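The values are calculated or read from the model by the stated rules, or taken from the named source; none is laboratory data. Just so it is clear, the structure is predicted and the values come from calculations on it, not from any experiment. FYI the Cβ positions are ideal-geometry reconstructions off the backbone, even for glycines, and counts take in every protein chain you see. To get the accessible areas, we keep the full protein, side chains included, count just its heavy atoms, and leave off ligands, DNA and RNA. Shrake-Rupley method; radii C 1.70, N 1.55, O 1.52, S 1.80 Å.
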Amino acid sequence: IVDKSVKIIRREAVDSRDRLVSIEMHDGIEIIEEYAFFHSLTGSIKLPGVRVVEGWAFAETDLTDVAFGDKLETIGAGAFCDCTSLKSIKMPTVRDIDRHALANCDQLTDVEMPEVERIGDGAFESCTLLRRIAIPLKDGIFDGDNVFHGCDNLVTVDFLGGKIGRAHV
């Protein structure tokens with residue numbers, strides 16, 4: 001359980017702690033720095049007040065479900081890279097997803113990001129079970145050519161908003 005006085009989970013806070021099964025966050029935690037939980041967690045986690053997840057913060061964990069609140073703005077480079085057990089991630093307000101943020105998440109099947117403004121190169125690369133993604137209809141949303149490289153099962157892209165409303169690609 002993280003104490004109410006903590007606002008930032010510092011760099012490498014619990015890096016490579018194989019036996020860490022769960023952590024309970026309060027809604028006052030705003031930033032999770034680089035490598036904070038690298039190769040450390042299993043199961044589900046709720047991050048209700050987090051605004052920024054820095055690079056590689058949760059990379060190589062065995063998380064299965066991640067739920068953010070309505071304050072999330074940025075997911076850094078490789079933040080959830082190689083989370084091969086990750087099935088679900090809820091990001092209702094994310095604005096920026098950096099390069100390789102969710103690359104190699106083998107079990108991820110469905111993602112909704114209704115407010116995202118930028119998705120970095122390779123952000124979802126090799127998410128082999130990803131079947132559906134919902135994103136806003138905006139020019140320049142993709143920052144790179146390989147955002148979905150290796151997502152061979154991606155069959156539906158729901159474009160939200162804009163003049164055409166919802167489209168399947």
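Here are some notes:
- Selection within the stretch 15-60 - within 15 Å of residue 72 (Cβ to Cβ), of a type in the set (Asp, Glu) and at pLDDT 95 or above: 30, 54
- Residue ID - modelled with the highest pLDDT, chosen from residues in the stretch 1-14 that are assigned to a loop (DSSP other than H, G, I, E, B) and touching a strand residue (DSSP E or B) at 6+ places or on another chain (Cβ under 8 Å): 7
- Pairs meeting the criteria (first residue in the stretch 114-129 and touching a residue at least 60 places away in the same chain (Cβ under 8 Å) and in a loop (DSSP other than H, G, I, E, B), second residue open to solvent by less than 60 Å² (accessible area, probe 1.4 Å) and of a type in the set (Phe, Trp, Tyr), beta carbons under 9 Å, at least 6 apart or on different chains) are lacking.
- Of all residue pairs spaced 6 or more apart or on separate chains, those with beta-carbon atoms under 9 Å, a first member in the stretch 92-107 that is touching a residue at least 12 places away in the same chain (Cβ under 8 Å) and a second member that is of a type in the set (A, V, I, L, M, F, W, C) and open to solvent by 50 Å² or more (accessible area, probe 1.4 Å) are 105/129; 106/129; 107/129.
- Some residue of the stretch 57-75 being aromatic (Phe, Trp, Tyr) and either touching a residue at least 40 places away in the same chain (Cβ under 8 Å) or open to solvent by 40 Å² or more (accessible area, probe 1.4 Å) (or both): no
- Of the candidates 49, 78, the single residue that is under 19 Å from residue 6 (Cα atoms) and in a loop (DSSP other than H, G, I, E, B) is 49.
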